[in-house]
Every structure is written in C-alpha cells, then in structure tokens.
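The values are calculated or read from the model by the stated rules, or taken from the named source; none is laboratory data. These figures come from a predicted structure and were not determined experimentally. A quick note on method: Cβ atoms are made from the backbone with ideal geometry, for glycine too, and the neighbour counts reach across all protein chains shown. What goes into the accessible areas is simple: the full protein's heavy atoms, side chains included, and nothing from ligands, DNA or RNA. Shrake-Rupley method; radii C 1.70, N 1.55, O 1.52, S 1.80 Å.
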Amino acid sequence: MLRVTYIGHATLLIEIGGKRIITDPNFDPALGKFLARVSAPGIALAALPKLDAILLTHAHADHLSFDSLDALPGDIPLFSPPAIAKWLSKQGYGNAVGVAPGETTELNGVRVRAASATHKGNRYGVDRWRSATNMYLLDTNSVSCFFAGDTALTSDTTHLVENNLVAKGRNLDLALLPIGHAPWWKPGFRKGHLTSSDALTLFERLNARYFIPYHWGTFNHVTSTAFDAIDRLRATLENHPLHPSVKILEPGTTFVLPAVSA
C-alpha cells in the first residue's frame, strides 16, 4: 500500500511498505520569521503518527526547520546529504544519517535511494560546502514513490527512476514534485526550481501513474503568493490529457494509490 498525506510546503507523510516517512518537516508559523504561514499544517505536529524515518533534501530554511526537528523524537533515522548529516550531527542530532547520491539505505523492506538534484541548497551565502541537495526514490519492489525535493528540469532529473525502475521493466507509481512560480523578471528561477509547467513536463518524462504537486499553499514568498503556482497548474490542467492523473491535495487530505487493474 502507498498513501500520501499533504501536510504543507514540502512536508508530506508517506506511508509505504508498512513504514511512515515524513519529508522535509516544517511546521513553523512563519518562514524566516516574517513570511507568515497562510494555512495550518494538514496534520498538527503533535498529532503525527509514529514515524519510521525523516527525509531531508537540503538545508534551506523552508525544508530544514530546526524547531520542527527538535519537536520530533530523536531516535528516528534522519536521512540527508552527507554534508548536511555531518553538520546536523555536530548540532547534536545523533540520528542524522548521510545518504550520498548513488547510495541506497534499507528501511526494513523499503529501499531509499538518493540522487543529486539541480538546486543550490546551502543555507547561507558563504556555506557552499552545504549546498548538496538530494532527490529520493522509495521502493518496495511492488510500489514506488519519487520525492524530488527542490530541483530544476534537466536531462538528469529522471535518471533515478530510469536506472532503478524503467531499466528493470517497471514504471514509477507516484511522483511527488514541487511547483513554483517564476516571475518574468526572475529568469534564473528555473535554474534551480520547477515551475508548474516544468513539473507537468517532468511527470510526463517520468511516465509515472500519478503526480502530486507540493510547495504551494503554505507560505507567501517575496516574489509570489502561496497560490500562484497551483492556480497556474489548475488552469493548465483544464484541457490537459493527464488531468485525471494529477492529484492536487489540500493540506490534510490523503491520496491512496489505486491497485493496478488486471
């Protein structure tokens, strides 16, 4: 079984192979202490079920919230790029485990594979050594889920799925992809992010059964509102042939992967 609940921004609860995994947990009331949260977390932090793992993609504050990590049990494996895991370990997070691109870690029947994303993830302007950003593929041999973190659309973005699923005659079941809004005056946005159109193109290239967009409806940004990207995606989908396969989850709602028809 594969179930995904949208909590907000890049925080999703993935239930796969009997394990519960949370991605980039951020339950903060504001981003950077001045960009207020516009919708409450879909699941309150205190109401989370028992977790089996945390996936961290990179060090940006909207994906790595120290307050949220501090509120979670300290014995949950915290998978992240090795440079981030080393930094977190020095900060007292003894559960941080580095997973480098190309590496796989096992979670009692669920394989967690990592690959590099096209995104500069360093938290501050001077910490380029902390810029690594991961994408993850979760796989049980019967169901699979791709979590892209933050990334741009490049020829490499599909390699994790192609090398580990398509090459073995399997298709990806679920693509979790971020969507963002690129103002006309910010041409560099797409060098490290997906627009809603880019995410839809990536979904097609991945040839996944379903696509759930995230990174919307949680925080207003300096260059866009929390709903610009999802409004544009909804408008695009009105006459798009893949519309039935795109599952837009409001915070707190859950998608359950349907069984494959015989």
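Remarks
- Check on residue 94, exposed (fewer than 14 other Cβ atoms within 10 Å of the Cβ), in contact (Cβ under 8 Å) with a residue 12 or more places away in the chain and farther than 30 Å from residue 246 by Cβ: yes
- Residue ID - nearest to residue 252 (Cα to Cα), chosen from residues in the range 168-197 that are of a type in the set (D, E, K, R) and at pLDDT 95 or above: 173
- Taking the criterion of being in contact with a Lys or Arg (Cβ under 9 Å, 6 or more places away or on another chain), assigned to a loop (DSSP other than H, G, I, E, B) and surrounded by 17 or more Cβ atoms within 10 Å (Cβ to Cβ), the residues of the range 52-75 that qualify are 52, 58, 59, 60, 64.
- Within the range 32-51, considering residues that are in a strand (DSSP E or B) and over 26 Å from residue 145 (Cβ atoms), the one most open to solvent (accessible area, probe 1.4 Å): 36
- Criterion (under 13 Å from the mean Cα position of the chain (by Cα) and at pLDDT below 95) met by exactly one of 125, 149: 149
- Test set (1) under 21 Å from residue 226 (Cα atoms); (2) out of contact with any Asp or Glu (no Cβ under 9 Å at 6 or more places or on another chain); (3) part of a strand (DSSP E or B) - residue 14 fails condition number: (1)
- Looking across the range 242-257, just one residue is free of Cβ contacts under 8 Å to residues at least 12 places away in the same chain and touching a helix residue (DSSP H, G or I) at 6+ places or on another chain (Cβ under 8 Å), and that is 243.
- For first residues located in the range 223-236 and farther than 16 Å from residue 177 by Cβ, partners that are loosely packed, with under 15 Cβ neighbours inside 10 Å and lie 6+ apart or on another chain with Cβ distances below 8 Å form the pairs 223/183; 223/186; 224/183; 226/38.
- Tabulated pairs, the range 54-83, first touching a residue at least 24 places away in the same chain (Cβ under 8 Å) and acidic (Asp, Glu), second open to solvent by 10 Å² or more (accessible area, probe 1.4 Å) and assigned to a loop (DSSP other than H, G, I, E, B), C-beta under 7 angstrom, 6+ apart or interchain: 67/28
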